1. Could you give the size of the charge dipole of the chain about its Cα centre, using +1 on the Cβ of each K and R and -1 on the Cβ of each D and E, expressed in debye and rounded to the nearest 20?
2. Report the gain in length on full extension from Thr60 to Ala23: 0.36 nm times residue separation, minus Cα-Cα distance, nm rounded to one decimal.
3. Would you kindly state how much longer the chain becomes between Gln105 and Ile13 on full extension, computed as 0.36 nm times their sequence separation minus their alpha carbon distance, in nm to one decimal?
4. Taking +1 at the Cβ of each Lys and Arg and -1 at the Cβ of each Asp and Glu, which of Gln46, Leu77, Val28 sits farthest along the dipole of segment 24-109 towards its positive end, judged by Cα position relative to the Cα centre?
5. Counting only Cα atoms, I'd like the Rg/Rh figure for segment 1-119, Kirkwood definition for Rh.
6. Would you please put 56-64, 74-82 in order of how densely packed they are, using the mean number of other Cβ atoms within 10 angstrom per residue and starting with the highest?
Amino acid sequence: MIRPTTVNLHRRIADIPLGWVIAIPLVVSASGAVAGVGYLAYQSGQVAMEELGEQLVEQTNEQISQEITSYLEIPRLINQLNVNTVQRGALDPKDKAALETFLFQQLQQFDQITTLLLRGLMAPFEW
């Protein structure tokens, strides 16, 4: 014997239109596919943004490092030029007029430098 609740269930199922029976699984599967693709796109975008941020930080660090290296290299270069000039005998550090002319020429050659001093190891410091 069939129970009355089972009969009611069969009637309710039989009353569902065929269009709904076909459409609901398609809508659910399409919604799931769209949600899955959306999630994957979101995750991919997050990874891409993170990589882009890392590249930007790396490039910025590299540019800063190059600028600092360049900035610190100029005084070392000027110092070496001055040492070579004095050692060759092309400049007498005791001749103040020649020294002033030489240092003024160096100031004009290097835009980044605003002050130059030339001092020997044993000589007292003079302005």
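Only the coordinates and a few stated rules stand behind these numbers; no lab work does. Note that the coordinates shown come from a computational prediction; the quantities given were computed from them, not determined experimentally. Don't worry about glycine lacking a Cβ; one is built from the backbone with ideal geometry, like all the others, and counts go over all protein chains shown.
1. That gives a dipole near 780 debye.
2. So the chain would gain 7.9 nm between Thr60 and Ala23.
3. 23.1 nm
4. In segment 24-109, that residue is Leu77.
5. 1.79
6. Working: 56-64: 10.0, 74-82: 13.4.
Most protected by this proxy first, the peptides run 74-82, 56-64.
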